[in-house]
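Read the structure below first, then the notes.
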Amino acid sequence: MNRFHRNNVTFWVFLAPVLFAFVMVVAIPFVIGGFYSFTDWNATARAGQGLKFVGLHNFTRSFQDPSFLYSFIITTIYTLVNVVVINVLAIVLALAVTSKLRFRNLYRMGFFVPYLIGGLILGYLWQFVFNNAIPAIGNALPFLSTLANPENLMLRHVDTSIIALVIVGSWQYAGYIMMIYVAAIEGVPTELYEAAQIDGASGWQKFRGITVPMIAQAFTITMFLTLVNSFKQFDVNYSLTAGGPATSFMGESIYGTELLAMNIYKVAFVGNDLAAGQARAVVFFVVIVVFSLVQVSINKKKELEL
Amino acid sequence: MKSNKRLYILEFFMLAFLVVYLYPFVIVFINSAKDAFSVTQYPMRLPEKWSQLFVNMESIWTSRNVRYSSSFFSSLIITALSLVFVTIFPAMGAWVLVRTKTKTSQFIFLIFVAAMVIPFQIVMFPLVAWFRTVFQVTGLRLLRTYFGIVLAYLGFGLSLSVFVYHGFIKNIPFELEEASIIDGCKLPEVFFRIIFPLLTPVHATIGILHGMWIWNDFLLPLLVLGKGNRIQTLPLAVANFAGAYVKQWDLILTAILMAMIPVLILFFIAQKRIVKGMVAGSIK
Amino acid sequence: MRKIGVAALVLLMIGAVVFASGRPETGRDGITLMQNKPEIDAMLQDYGQVWSDSSGIGITIKSVGGSSGTSLGQQLRADYTAGEMPDIFIIAGIEDYREWESLILDLSGEKWVADTSVAFTVDGKVYGFPVAIEGWGMAYNGDILKAAGVDPASLTSYGAYKTAFQKIDGMKDKLGLDSVVSMAASADMGWVTAHHNFNSLLSNGLPYGDMSVVKDLQNGKVDQNRLQQYADWVELLFTYADQTVLTTGNYDAQVGAFATEKAAFLHQGNWVDPNMDAAGATFPMAFAPHGSLKQVTDGIFVSAPSFYVINAESKNVAAAKQFLNDMVYTNAGQNFMVKEAGMLPAFSNITLKPAGQLSQSVQKWSSAGKVYSWNQYQFSGEFRDQVLAPIYNQFATKQISKSEFVQAMTRAFENRKN
């Protein structure tokens, strides 16, 4: 099914706009940034003193930093939980939205709308919910009174703070992923369902035989998106927990809910060391690539099976 | 009748879930009609005067240090232009990538997709430095211009677009294209006449996904347009409400409400397209 | 339908190319000023307009920072990379200075240098124009203290505070309080503990400008006696604070508790005056010293937190210098600083008084010479935010005990890398 040859004009003409944008905006800056991670670059007046090549120094230093290692662990945990929660929620919502429920269009808009609120404000809003609204409910309903105890505030402890991050991340993102599942489900020609109906298939069989394989294709996309976006999470982290309650790790006090992107941000901008931040970002990038390659290949295999 | 009852129960639960799910919006809404201090101290109470909402809206629209109206229109232009480019061009690229099974096309596709993984921090400053170098060497202005920021959005958005278009084009039967070629269509016509219209639901989906991100984005405009310069987007302008010590919550929340309106409109329009596209697809 | 689509597309592309020719910022050939308090942006814009009219030089004001998620430092770096460094910008202290050293102009010869004692100096040369005077101590609610029978003038040592806190805590219900002191130690309020409260350790009780404790700590030498007393003070504050505000509260929550008279004391500075104003809090309030030592420490912490500096590579150095001069020596400038922006002026020739009670309190302590210095900037932001702040946070959430707190702080200074 080889439509074009590599030299074919149409191939390159059609690709030209995206290739140009990609090279100008992503590829070249990426290479430059990668180069900087081997130096002591700081993008400021001090750079006027000449760029010093430091080899792998930035990289080795990052692996010796407890907060960086901790961020890795906590981000991985957060990502795994988040991916599961978002996708389960999104599938359920997508099914509801494409079903025969009366208010399905209302649901479609309603569940998508949380994505409208930008990252920072979202965090501040939910901070209010966790710190003020939930205790208020605890005060109002006697059997939930434990909620009103300051010791039980979710944002006070590291593990519940992670759960809070998952809640907010899912709330914001599930609608977005739902849209992709919806597009996949609605891409199924109705004739397939009608034919199955004629053949006497039950609702469950129709679901398993037609809907599920169709969703499975979207799975590769959605898994990839949720994995990558959870791993890169910054906005909600910054505004909801700001790194969260402190905890002890490897004998030092560090912030307990500082995900990787936030850790890089702090090193680069609070610590005034852009080159070190770049190095960590490069490591960050490599790890995500490895994770997503693994994920995509697993998904592709499943896709073929179905 | 049993299945109807099941449907009613399901309906009920969904509605209840929706109400709880959207509760934070209720908070935004009731608090946008209050003055700043009431917002932080008594957030759960209903506002005293709903007319305060319009007072807030007016002070935002006329606020001189925020220049709301001009940044609103700038955001509109940037988002609209970016959406056009980030749907058409990636669709074109995805189509030729799908229909060509060479090592080159696979490589290019892989690179595009891998780019989705790049955290923005890596490219932030290099991007600005590079744009400035381009200007110094070729005289082409990218920083502080519409062209620069739209190009940047195309650059960062095309990965997702190509990825999604790729997935959907793969499912379009090749026979459709073959048939039209036999009828005498040239290749570009095949794309624009046959494939492009079929992708309408995908255009709408991508449009919404990217539209939201671009409309609310803060970091990229901050770098490419710069704060306080001639072209400002809404998120840049509204940031002035969040001071170092005094956050004007009443205005911030009202501004959020106001920012949601265009997106909701976009959503409605896109919704219709998705449904239309689905119907057209099934007729075929 | 398709033809319309194609036509629209072509129009858009033309539009894009038109925009590509983008008119750059050379419209006004005046000066650009970048500052970090968005809340005074409106007043500054107004004053900028007034100054422009009278001097004939254009000025563009840019305000970055606050709680929007981007700091002034970040924006400066981005603008520098873009080749658009402002003519006047702000630095906070020695760390910022070192970063921009090669771009900062020597201002030792300026007229206003003689009229201030808090200009930013390095090696005897003046580089920074102090934006305002700020101070902090323990802000107290005069009415509540009176009702509790506590004399604010007596609050000058650890012992006095301990007695007072215990007394007020016992009368909480009668006085309508949730807690004695409104203190914050959560992750995003790390600056309250690791910047401000930390400074008590560095300068409380010492002559103004005395760096002996700072130097020792920088060399990894920890005075255990002083640190132990300081830890007692921190423990006192944490114990008598509202636990919700302490562990999870944000700035509005902490300040709001004091403004709504739910707490008798507030651990903040005179910059909360606008917040008090917005809350309609009119009860009498003033500052009392910190009680971080057993001995009497009768003074509060006063200094200039930020400075305007001039870009040495600016094409309009004369205009920039004039702008700074005019702020000090013209009526419009003085009016802007004190009346419009509500700041405490750092210049002795200015006689206007700000309206806020806490600012006036700072002025009183300052005129009486009862001031201690701000030394926290001698330690890097990274050290304070990433190393010290989590220790305070763990102590506040009761994960570590007081002795562990002391050990952790000692280790932090001994192992300090930056």
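Could you run through the stretch A:186-220 and say how many residues are within 14 Å of chain B (Cβ to nearest Cβ), surrounded by 13 or more Cβ atoms within 10 Å (Cβ to Cβ) and not in a helix (DSSP H, G or I)?
3
Give the residues of the stretch B:129-141 that are farther than 14 Å from A:V26 by Cβ and not hydroxyl-bearing (S, T, Y), sorted by residue number.
Within the stretch B:129-141, B:A129, B:R132, B:V134, B:F135, B:Q136, B:V137, B:G139, B:L140, B:R141 qualify.
Exactly one of these conditions fails for A:Y181: (1) under 21 Å from B:P24 (Cα atoms); (2) among the aromatic types (F, W, Y); (3) surrounded by 22 or more Cβ atoms within 10 Å (Cβ to Cβ). Give me its number.
(1)
If you scan the stretch C:249-284, which residues turn out to be assigned to a strand (DSSP E or B) and not aromatic (F, W, Y)?
If the condition is that a residue be assigned to a strand (DSSP E or B) and not aromatic (F, W, Y), then C:A263, C:A264, C:L266, C:G269 are the ones that fit.
For the stretch C:285-377, which fully contained helices (runs of 4 or more DSSP H) count at least 2 residues that are of a type in the set (A, V, I, L, M)?
Once the helices (runs of 4 or more DSSP H) in the stretch C:285-377 are filtered for at least 2 residues that are of a type in the set (A, V, I, L, M), what remains is C:317-329, C:357-367.
Between residues in the stretch B:101-128 that are facing chain A (nearest Cβ under 8 Å) and residues that are aliphatic (A, V, I, L, M) and outside any helix (DSSP H, G or I), which pairs lie under 6 Å by C-beta distance while being six or more apart or on different chains?
B:F125/A:A43
In the stretch B:188-234, what residues are within 27 Å of A:I180 (Cβ to Cβ), more than 9 Å from every other protein chain (Cβ to nearest Cβ) and part of a loop (DSSP other than H, G, I, E, B)?
B:L199, B:T233, listed by residue number.
All but one of (1) within 14 Å of another protein chain (Cβ to nearest Cβ); (2) part of a helix (DSSP H, G or I) hold for C:R416; state the number of the condition that does not hold.
Exception for C:R416: condition (2).
Check B:L219 against each of (1) surrounded by 23 or more Cβ atoms within 10 Å (Cβ to Cβ); (2) at pLDDT 80 or above and name the one condition it does not meet.
Failed condition: (1).
Looking at the stretch C:235-250, I want the residues that are more than 24 Å from B:V246 (Cβ to Cβ) and have a partner that is of a type in the set (D, E, K, R) and in a loop (DSSP other than H, G, I, E, B) with Cβ atoms under 9 Å, at least 6 apart or on another chain. Which pairs are those?
From residues that are more than 24 Å from B:V246 (Cβ to Cβ), the pairs are C:F238/C:K398.
Which residue out of C:G73, C:G58, C:G83, C:G65 is touching a residue at least 12 places away in the same chain (Cβ under 8 Å) and at positive phi?
Sole residue among the options that is touching a residue at least 12 places away in the same chain (Cβ under 8 Å) and at positive phi: C:G65.
Which of the residues belonging to the stretch A:77-120 are without any contact (Cβ under 8 Å) to a residue 40 or more places away in the chain and in a helix (DSSP H, G or I)?
So the first thing to find is which residues in the stretch A:77-120 are without any contact (Cβ under 8 Å) to a residue 40 or more places away in the chain, and the list is A:80, A:84, A:88, A:92, A:96, A:99-107, A:109-110, A:116.
Result: A:L80, A:V84, A:V88, A:V92, A:A96, A:R104, A:N105, A:L106, A:Y107, A:M109, A:G110, A:L116.
Considering the stretch B:95-110 alone, what residues qualify as being under 25 Å from A:V294 (Cβ atoms) and not in a helix (DSSP H, G or I)?
Listed by number, the list holds a single entry, B:K101.
Looking for something buried (at least 21 other Cβ atoms within 10 Å of the Cβ), within 21 Å of the chain's Cα centre (by Cα) and more than 24 Å from C:F120 (Cβ to Cβ) - is there at least one such residue anywhere in the stretch C:292-314?
Checked the stretch C:292-314: at least one residue is buried (at least 21 other Cβ atoms within 10 Å of the Cβ), within 21 Å of the chain's Cα centre (by Cα) and more than 24 Å from C:F120 (Cβ to Cβ).
Output the residues belonging to the stretch A:266-276 that are buried (at least 24 other Cβ atoms within 10 Å of the Cβ) and at the interface with another protein chain (Cβ under 7 Å from one of its Cβ atoms).
Within the stretch A:266-276, A:A268, A:L274 meet the criteria.
Inside the stretch B:129-155, can you point out the residues that are more than 7 Å from chain A (Cβ to nearest Cβ) and in contact (Cβ under 8 Å) with a residue 24 or more places away in the chain?
B:F131, B:L142, B:L143, B:R144, B:T145, B:Y146, B:G148, B:I149, B:V150, B:Y153
Take residues that are without any contact (Cβ under 8 Å) to a residue 12 or more places away in the chain and loosely packed, with under 15 Cβ neighbours inside 10 Å and tell me which of the helices (runs of 4 or more DSSP H) falling wholly in the stretch B:1-84 contain 3 or more.
Numbers: elements: B:2-21, B:23-31, B:36-41, B:51-62.
Per the criteria, B:2-21, B:51-62.
Take the stretch C:290-333 and flag every residue that is of a type in the set (K, R) and either in the same structural domain as C:A160 (by TED's automatic domain parsing) or touching a helix residue (DSSP H, G or I) at 6+ places or on another chain (Cβ under 6 Å) (or both).
Residue satisfying the conditions is C:K294 alone.
When the residues of the stretch C:365-382 are narrowed to those that are buried (at least 22 other Cβ atoms within 10 Å of the Cβ) and within 13 Å of chain A (Cβ to nearest Cβ), which ends up farthest from C:V213 (Cα to Cα)?
C:G381
Only one of (1) over 22 Å from the mean Cα position of the chain (by Cα); (2) surrounded by fewer than 19 Cβ atoms within 10 Å (Cβ to Cβ); (3) not basic (K, R) is not met by C:A320, so which one is it?
(2)
Working only within the stretch A:221-251, note down all residues that are at the interface with another protein chain (Cβ under 8 Å from one of its Cβ atoms) and more than 18 Å from A:A174 (Cβ to Cβ).
A:Y238, A:S239, A:T241, A:A242, A:G243, A:G244, A:P245, A:A246, A:T247, A:S248
From the list B:V128, B:V113, which residue is outside any loop (DSSP other than H, G, I, E, B), in contact with a Ser or Thr (Cβ under 8 Å, 6 or more places away or on another chain), under 16 Å from B:I206 (Cα atoms) and not aromatic (F, W, Y)? Don't jump to the end; show me each part of the working.
Working: B:V128 fails: under 16 Å from B:I206 (Cα atoms).
Testing whether each residue is outside any loop (DSSP other than H, G, I, E, B), in contact with a Ser or Thr (Cβ under 8 Å, 6 or more places away or on another chain), under 16 Å from B:I206 (Cα atoms) and not aromatic (F, W, Y) leaves just B:V113.
Please name all residue pairs, on different chains or six or more residues apart, with Cβ atoms under 7 Å, provided the first residue is in the stretch C:137-150 and is touching a residue at least 12 places away in the same chain (Cβ under 8 Å) and the second residue is acidic (D, E).
That search, which allows pairs on different chains as well, returns C:N141/C:E261; C:I144/C:E261.
Given the conditions (1) in the same structural domain as C:E235 (by TED's automatic domain parsing); (2) surrounded by fewer than 20 Cβ atoms within 10 Å (Cβ to Cβ); (3) over 19 Å from C:V255 (Cα atoms), report the number of the one that C:P274 does not fulfil.
(3)
Under the condition of being under 29 Å from C:V50 (Cα atoms) and within 9 Å of another protein chain (Cβ to nearest Cβ), which residue from the stretch C:87-111 is farthest from the chain's Cα centre (by Cα)?
Taking the stretch C:87-111 as the starting set, the residues that turn out to be under 29 Å from C:V50 (Cα atoms) are C:87-92, C:103-111.
Subset that is within 9 Å of another protein chain (Cβ to nearest Cβ): C:103-104.
Details: C:L103: 24, C:I104: 22 Å.
Ranking the candidates gives C:L103 first.
Which one of these is surrounded by fewer than 21 Cβ atoms within 10 Å (Cβ to Cβ) and among the aromatic types (F, W, Y): A:F103, A:F111, A:F68?
Testing whether each residue is surrounded by fewer than 21 Cβ atoms within 10 Å (Cβ to Cβ) and among the aromatic types (F, W, Y) leaves just A:F103.
The values are calculated or read from the model by the stated rules, or taken from the named source; none is laboratory data. Keep in mind the model is a prediction, meaning the values are calculated, not measured. Note: ideal-geometry Cβ built from the backbone for every residue, glycine included; neighbour counts use all protein chains shown.
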